[in-house]
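The values are calculated or read from the model by the stated rules, or taken from the named source; none is laboratory data. The structure displayed is predicted, hence computed values, not measured ones. Here Cβ is always computed from backbone atoms with ideal geometry, including for glycine, and neighbour counts include all displayed protein chains. These area figures cover heavy atoms from the full protein model, side chains too; ligands, DNA and RNA do not enter into them. Shrake-Rupley method; radii C 1.70, N 1.55, O 1.52, S 1.80 Å.
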Amino acid sequence: MEQFKMYIDGDFVEAASGEWFDSFDPFTGKVWSQVAAGGPADVDRAVQAAHKAFTSGPWSELTASQRGMLVHRLGDLIARDAQKLAEMEVQDNGKLLAEMQGQVNYVPQWFYYFGGLADKIEGSVIPLDKKGYFNFTRHEPLGVVAAITAWNSPLLLLAWKLAPALAAGCTVVIKPSEFTSASTLEFVKLIKEAGFPDGVVNVVTGYGKDVGEPLTSHPLVRKIAFTGSDATGRAINQIAAKSFKRVTLELGGKSPNIVFDDANLEDAVNGAVSGIFAATGQTCIAGSRLLLQESIHDEFVEKLVSLAKTARMGNPMSTETQVGPITTKPQYDKVLSYIDVAKNEGANLALGGTPASRPECGEGWFIEPTVFTGVTNDMRIAQEEVFGPVLSVIKFKDEEEAVKIANDIRFGLGSGVWTSDIGRAIRMSEKIQAGTVWVNTYRAVSYMSPFGGYKDSGVGRESGIEAIYQYLQTKSVWINTGAKTGNPFVLK
Ligand code: NAD
């Protein structure tokens, strides 16, 4: 059986404890590999290596252009190995090969974009109000970054952190999810080949308590870039506050996908299906609350259910498959328990609601695409993130009520608006409290466009130019060009 070691200071190493944990293939439900079970000693080794690489040695001596070239080269190597990386993630995570091929072929763009940005971060000369001084600013890297990722899209979520962090000049300790560490450990083989000095990128694998906590509380870590649940994000934010570490928190969502009666219904049905059943609903931006205007509700639900029924489930390695397994057994149990919650709350089951017993699903953790109608926004099934293929359909009367329902929730990550009225599209995009509003589309992302949450969906932004500033801090430099030093007891 394949065993994956951690990557610390340029070497693949076993955990200090010598222990391993199992990683499962969600399609078979069986163990397929083992991963080194890291702990506080491994975290300390990795952070010390990252700190040393940040403060001394070749990385700290590179020009911004040289750094950018390395980040760019890493993108080239990912493109070269895209198929291998995609297959590794399918095996470990159960994501569809068709989706992963697209994703891993797109990931290099984050490294090209931020690699290109590395030598375009300019300070300013401040036109001071005081004579006799020259004042300018510099944007300097924060230091050691802890990059902690969720299980649902390990490589993409890592790229969103690693590319800007390295371009900014930081060094990084990565902690992938204990459920899906393999693709990160395969990816990290490219770091040395790209030419990064040892210690610049490290990976410590293991559980949240054993690795995540010591990493977030380590005094030499200056920033935590986290993707995961709001509960863990809150805990990390509290730990980070004790030593004033910076945080970027990309958390959960319960995004409204809102369809007005003037929308192109065929497109909107496609958008609704892709919003909740793509990636088996295991995406932070899942359009898990479908808000339908009363006048089109019944027709829309009928079309939606007939399209969702055609979804081909089965082996995620087959490019024909459209809905794959749930990635982890605990998540499979959680999704089923939310289906019970919805039933008990009185929602009407319009489709699915059971584990998938189709022969092509074998022993894997599959759940039928599930649609609940008659949901009201105060139900738990409307307010809590399920993170699976479960859709809650909610009726609304008019624009005002749609906005009220959309915003009456603690999350604010994604949102969709389907309408042919441009004025309404703009009004809705102004009123919805979410980091992303898609109009007549859903689930589009780009390395150029900022991504992040309002409210409990997170802090900070990934992608786009502003993302690199989240790994930088500003220094103001004052030079006396002839001012009298004057009275030492008053502020100049
Ligand atoms: P999770 O919070 O359980 O785990 C995320 C990571 O944090 C894992 O690596 C885990 O080991 C680690 N961790 C756990 N406890 C920790 C602790 N005390 N200290 C430090 N690290 C700790 O989340 P998950 O189940 O892996 O991921 C699903 C969640 O991620 C969903 O809520 C989803 O919406 C969210 N997500 C958000 C985005 C986004 O960009 N906003 C993207 C993908 C997933």
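Could we say that Gly460 is on the phi > 0 side of the Ramachandran plot and modelled with pLDDT under 95 here? Here the answer is no, as Gly460 does not meet what is asked. The one condition from (1) over 19 Å from Ala64 (Cα atoms); (2) assigned to a strand (DSSP E or B) that Glu193 does not meet is (2). Scan segment 146-161 and tell me whether some residue there is more than 15 Å from the ligand (Cβ to nearest atom) and either under 20 Å from Ile468 (Cα atoms) or assigned to a helix (DSSP H, G or I) (or both). Within segment 146-161, not a single residue is more than 15 Å from the ligand (Cβ to nearest atom) and either under 20 Å from Ile468 (Cα atoms) or assigned to a helix (DSSP H, G or I) (or both).
Within segment 196-238, the residues that satisfy the criterion of being more than 10 Å from the ligand (Cβ to nearest atom) and in a loop (DSSP other than H, G, I, E, B) are Phe196, Pro197, Asp198, Gly199, Val200, Val204, His218, Pro219, Leu220.
Take Asp129 and decide whether it is open to solvent by 20 Å² or more (accessible area, probe 1.4 Å), more than 16 Å from the ligand (Cβ to nearest atom), acidic (Asp, Glu) and free of Cβ contacts under 8 Å to residues at least 12 places away in the same chain. Let's see the steps before the verdict.
On the way: open to solvent by 20 Å² or more (accessible area, probe 1.4 Å): yes; more than 16 Å from the ligand (Cβ to nearest atom): yes; acidic (Asp, Glu): yes; free of Cβ contacts under 8 Å to residues at least 12 places away in the same chain: yes.
Yes, satisfied.
Checking each residue in segment 409-447 for being aliphatic (A, V, I, L, M), part of a loop (DSSP other than H, G, I, E, B) and open to solvent by 30 Å² or more (accessible area, probe 1.4 Å) picks out Val437, Ala444, Val445. Remark: pairs (first residue in segment 40-59, under 11 Å from Val200 (Cβ atoms); second residue assigned to a helix (DSSP H, G or I) and polar (S, T, N, Q); Cβ separation under 9 Å; 6+ apart in sequence or on different chains) = Ala53/Ser60; Phe54/Ser60.
Within segment 239-278, the set of residues being over 30 Å from Gly423 (Cα atoms), within 10 Å of the ligand (Cβ to nearest atom) and out of contact with any strand residue (DSSP E or B) (no Cβ under 7 Å at 6 or more places or on another chain) comprises Ile239 only. Among the numbered conditions (1) within 30 Å of Glu87 (Cβ to Cβ); (2) at pLDDT 95 or above; (3) not aromatic (Phe, Trp, Tyr), tell me where Thr319 comes up short. For Thr319, the exception is condition (2). The set of residues from segment 448-482 being in a loop (DSSP other than H, G, I, E, B), of a type in the set (Phe, Trp, Tyr) and open to solvent by 40 Å² or more (accessible area, probe 1.4 Å) comprises just one member, Tyr454. Within segment 200-219, residues that are farther than 16 Å from Val172 by Cα have Cβ atoms under 8 Å from residues that are near the ligand (Cβ under 9 Å from one of its atoms) and in a loop (DSSP other than H, G, I, E, B) in these pairs: Gly206/Glu178; Tyr207/Glu178; Gly208/Glu178, counting only partners at least 6 apart in sequence or on another chain.
Among the residues making up segment 279-324, a single one is among the small types (Gly, Ala, Ser), in contact with a Pro (Cβ under 9 Å, 6 or more places away or on another chain), away from the ligand (no atom under 16 Å from the Cβ) and not in a loop (DSSP other than H, G, I, E, B): Ala308.
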